[in-house]
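Chemist: Got a structure for you, written out below as C-alpha cells; questions coming shortly.
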C-alpha cells in the first residue's frame with residue numbers, strides 16, 4: 001500500500017506538480033493528500049472484497065455466524081475493522097502528508113487521521129454493500145471500478161470544483177472525496193486557490209453525513225446478506 | 001480442421017492431435033480472447049475508465065497546463081491508449097493465477113496439446129485480446145486528433161502489439177512465480193503502476209522529477225508510447241524505442257515461458 005502511495009505521490013503528483021501552473025500554490029501540495037485518500041479508498045474496498053471471498057470462495061460465512069456475537073454487532077465490527085485496517089494502511093502516508101503540510105508536530109495530525117478514518121468508514125460500508133449484491137467477482141470489480149472512477153475523477157482531487165462544467169458541479173459537490181480532500185487542504189497553512197479559508201470542521205461535518213449513511217448501509221446489507 | 005473459435009469446442013474433435021502447431025497455438029489464443037469477452041462488464045468498465053480519463057481528467061487538467069509547445073490533451077490521449085493496453089495485458093496473469101486456484105488449469109493440462117503450444121498460445125492470446133480491446137479506443141483518439149496516415153497507424157499498432165506481448169509475458173512470469181494470492185495481487189498491481197506511471201506515456205520526461213527521469217526512458221510503456229507518438233504525430237520511426245520494445249518482448253516472453261513450463265512440469269503440476 002505504501003509503495004502504491006509512494007508511486008502516486010512521488011512520481012505522478014510530483015510530475016503534475018511541475019506541469020500545472022496558476023493554482024496559487026504548489027500544485028504538488030494541492031494534490032498530495034489525494035494520493036493518501038486514494039490509498040485509503042483501495043484499502044477500504046479490500047474489506048468488501050474479503051467479505052465477498054469469505055462467502056463465495058472460502059465458505060467462511062457460516063463459521064462466522066456461529067460465533068457468539070449478535071449479528072448487528074458482528075456486522076458493525078466488520079465495518080469498523082475495515083476502517084482500522086484502512087487507517088493502518090495509510091498510517092505512513094498520512095504522516096508524509098502531515099510532514100509536507102507542516103502539521104506533523106501539531107494537534108492537527110489527529111484531525112488528519114480523523115479525516116482518513118471518516119472517509120474510509122463510508123467506503124468500507126459501500127464496499128460491503130456491494131458484496132451483498134454481487135454474485136460474481138466480475139460484477140463486484142465492475143461496481144468498485146465505477147465508484148473509484150467517480151471518487152477519483154469527478155471530485156476536487158485533481159482540480160478545483162470551479163473548473164467543471166456547471167452540469168457536473170452538483171455531482172462533484174456531492175462526492176465524499178471532494179469534502180475529504182478539502183478538509184485535508186484546510187489543515188494546511190498554505191492558501192490554495194479556490195479552497196475556502198478556515199478550519200476543516202465544516203468540511204468534516206459534511207463528509208460525516210455520507211460516511212455514516214454508507215456505514216449504516218454496509219451494516220444493514222451485511223446482516224441481510226448473512227441471512228441468505 | 002476445426003473452425004470453432006474456442007479451444008474447448010476445438011479440442012472436442014478427436015482429430016485435434018493431428019492439428020498443426022500453429023493451429024493449436026491459435027486455438028489456445030482464441031480461447032483467451034473469448035474468456036475476456038465473456039466478461040463484458042470488465043470491458044465496459046475499462047472503456048468507461050478510458051473515456052472519463054480522456055474527456056474529463058485530461059480535458060480539465062490540460063486547461064491548467066500552460067507549457068508553450070505542449071498540447072497536453074493530445075499528448076495524454078496517445079499515452080492513455082498505451083497505458084490502457086499495458087493494463088489490459090496484465091489481466092492474463094490474474095486469469096492464469098485464478099485458473100490454478102480454481103482447478104481449471106488441471107483440466108487445461110489434460111487437453112491433447114503440447115506444453116510449448118499451450119504456453120505460446122496463452123501469451124499470444126493475452127496480447128491479441130489486449131489489442132482487440134484497445135482498437136476502439138485507438139480509433140476514437142485517431143478520429144478526434146485526425147491521425148489518418150495508414151503507415152503511421154500501422155507502426156503505432158505494431159508498437160502496441162509488441163508492448164502487449166511483452167507485458168503478457170511479464171504478467172505470466174509473476175503469476176507463476178508468486179504463490180500467495182495476496183502477494184500476487186500486490187506485486188502485479190505495483191508492477192502495473194510502476195511501468196505505467198514511471199513512463200513517458202502520461203507526461204513528458206522533461207517534467208518528471210530527476211529520480212524518475214533516470215528510469216522512465218527504459219520502461220517498456222515508454223518505448224511503446226514514444227514509438228506511437230513519433231509515428232502518429234511526427235511521422236518518423238523511433239528505432240531505439242522499437243529495439244527496446246523488441247528486447248523487452250524477447251526477455252519477458254522467454255522468462256514467462258520458462259517459468260510457466262517449470263511450474264507445469266516441475267512444480268505443483270509435475
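Chemist: For residues in the stretch A:123-156 being touching a residue at least 40 places away in the same chain (Cβ under 8 Å) and closer than 20 Å to residue A:204 by Cα, which is nearest to the other protein chains (Cβ to nearest Cβ)?
Modeler: Filtering the stretch A:123-156 for residues that are touching a residue at least 40 places away in the same chain (Cβ under 8 Å) and closer than 20 Å to residue A:204 by Cα, the one nearest to the other protein chains (Cβ to nearest Cβ) comes out as A:152.
Chemist: In addition: Condition (residue is part of a loop (DSSP other than H, G, I, E, B), at pLDDT below 85 and facing chain A (nearest Cβ under 10 Å)) applied to the stretch B:26-40: is it met by at least one residue?
Modeler: As a first pass, look at the stretch B:26-40 and keep what is part of a loop (DSSP other than H, G, I, E, B): B:38-39.
Still in the running and at pLDDT below 85: B:38-39.
Cutting the leftovers down to facing chain A (nearest Cβ under 10 Å) gives us B:38-39.
Yes, the conditions are met somewhere in the stretch B:26-40.
Chemist: Can you tell me which residues in the stretch B:83-116 are surrounded by 20 or more Cβ atoms within 10 Å (Cβ to Cβ) and farther than 29 Å from residue B:182 by Cβ?
Modeler: B:113
Chemist: Does residue A:40 count as touching a residue at least 24 places away in the same chain (Cβ under 8 Å), over 28 Å from residue A:130 (Cβ atoms), away from every other protein chain (no Cβ under 12 Å) and part of a helix (DSSP H, G or I)?
Modeler: Taking the combined requirement at face value, the residue does not satisfy it.
Chemist: Now for a different question. In the stretch B:170-216, how many are within 21 Å of residue B:253 (Cα to Cα), surrounded by 17 or more Cβ atoms within 10 Å (Cβ to Cβ) and more than 11 Å from every other protein chain (Cβ to nearest Cβ)?
Modeler: Number satisfying all stated conditions: 10.
Chemist: Still on this structure: Scan the stretch A:157-184 for residues that are in a loop (DSSP other than H, G, I, E, B), away from every other protein chain (no Cβ under 11 Å) and touching a helix residue (DSSP H, G or I) at 6+ places or on another chain (Cβ under 7 Å) and jot them down. Spell out how you get there, then give the answer.
Modeler: The initial filter retains those residues of the stretch A:157-184 that are in a loop (DSSP other than H, G, I, E, B), namely A:157-160, A:164-168, A:174-175.
Among the residues that remain, those that are also away from every other protein chain (no Cβ under 11 Å) are: A:166-167, A:174-175.
Listed by number, the list holds a single entry, A:175.
Chemist: Kindly indicate which of A:28, A:5 is within 12 Å of chain B (Cβ to nearest Cβ) and either without any contact (Cβ under 8 Å) to a residue 24 or more places away in the chain or in contact with a strand residue (DSSP E or B) (Cβ under 7 Å, 6 or more places away or on another chain) (or both).
Modeler: On the way: A:5 fails: either without any contact (Cβ under 8 Å) to a residue 24 or more places away in the chain or in contact with a strand residue (DSSP E or B) (Cβ under 7 Å, 6 or more places away or on another chain) (or both).
Just a single option satisfies the conditions, and that option is A:28.
Chemist: Can you tell me which of B:92, B:132, B:43, B:113 is more than 14 Å from chain A (Cβ to nearest Cβ), over 17 Å from residue B:176 (Cβ atoms), in a helix (DSSP H, G or I) and touching a residue at least 60 places away in the same chain (Cβ under 8 Å)? Spell out how you get there, then give the answer.
Modeler: On the way: B:92 fails: over 17 Å from residue B:176 (Cβ atoms); B:43 fails: more than 14 Å from chain A (Cβ to nearest Cβ); B:113 fails: in a helix (DSSP H, G or I).
After applying the criteria, what remains is B:132.
Chemist: Is one or more of the residues making up the stretch B:61-79 within 17 Å of the chain's Cα centre (by Cα), away from every other protein chain (no Cβ under 11 Å) and in a helix (DSSP H, G or I)? Break it down stepwise before answering.
Modeler: Just the residues of the stretch B:61-79 that are within 17 Å of the chain's Cα centre (by Cα), to begin with: B:78-79.
Filter once more, keeping what is away from every other protein chain (no Cβ under 11 Å): B:78-79.
Those still in the list that are in a helix (DSSP H, G or I) too: B:78-79.
Checked the stretch B:61-79: at least one residue is within 17 Å of the chain's Cα centre (by Cα), away from every other protein chain (no Cβ under 11 Å) and in a helix (DSSP H, G or I).
Chemist: I would also like to ask the following. Would you call residue B:122 in contact (Cβ under 8 Å) with a residue 12 or more places away in the chain and closer than 26 Å to residue B:238 by Cα? Walk me through how you get there before you give the answer.
Modeler: Details: in contact (Cβ under 8 Å) with a residue 12 or more places away in the chain: yes; closer than 26 Å to residue B:238 by Cα: no.
In short, no.
The values are calculated or read from the model by the stated rules, or taken from the named source; none is laboratory data. Because the structure is a prediction, the values reported are computed rather than measured. Here the Cβ is made from the backbone with ideal geometry for all residues, glycine too, and neighbour counts use every protein chain on show.
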